[in-house]
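Let me begin by presenting the structure, written as structure tokens, before commenting on it.
Derivation of every value follows stated rules applied to the coordinates shown; laboratory data play no part. What you see is a predicted model, and the numbers here were worked out from it, not measured in a lab. Note: ideal-geometry Cβ built from the backbone for every residue, glycine included; neighbour counts use all protein chains shown.
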Amino acid sequence: MDTNKKEPRDLVYNKIQYLKRCQEIGRFVYEDTFRINGLLINALLQIRDAFLYNQTINNINVLELKEGLFVNGRSNSGKTALMVILKSILDTSKSFKIISCLEIEHQFKKYGKAYLENLFDDRNTSWCFDDFGKRSTASHYSILRILIEKIFESKNTYHIISDFTLEQIHSKLGMVYYNKIKSKFITIKT
């Protein structure tokens, strides 16, 4: 199966075909026993609704999201799998790269703020930040604040995968960052 092949734009109109395609991608990427559970079905349907809304409002015929996704849920709930599947469904020009915030933290310690600047330099690259808030350290939270600022300044669409709820973002990072995430992202719970 070629997961790089993009489905017809009207794939999202047929809910059964959309979920079947998501299941196929999951099995190809992970393993034959991969199953989309109830929470992932709900999340995939929320994303489907966002696609349809975006197509209607913006009168476009492309699978893209104008807002980023803030995907949250407990550890091992399928958040990253959900984004890998979504990445395979999106039109190639609207896709994104997934990078762990733990890797960003490591590179930041090694290269400083210049590393973060480089992440956002390419206007054609969108990122999905995985493991957002995975570590409970001041340095990790500091990097998350910088990422949120950079996301907010950018015209690209970015996504966040986190164990944090929006309320935890508020308590760990503060009201300013909570409001920025709430205004820039569609929240999807797995």
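List of remarks:
- Kirkwood radius, segment 9-189, all distinct C-alpha pairs, inverse of mean reciprocal distance: 16.9 Å.
- Debye equation applied to the C-alpha atoms of segment 86-141, log10 I(q)/I(0) at 0.24, 0.28 Å⁻¹: -1.00, -1.15
- Between Glu24 and Ile41, the modelled label-to-label distance comes to 1.9 nm, taking each label 7 Å out from Cα in the direction of the beta carbon.
- In nm, spacing of pseudo-spin labels at Lys172 and Ile16 (7 Å Cα→C-beta vector): 4.1 nm
- About the centre of its Cα atoms, segment 9-189 shows a dipole size close to 220 debye [charges on the beta carbon of Lys, Arg (+1) and Asp, Glu (-1) only; nearest 20 debye].
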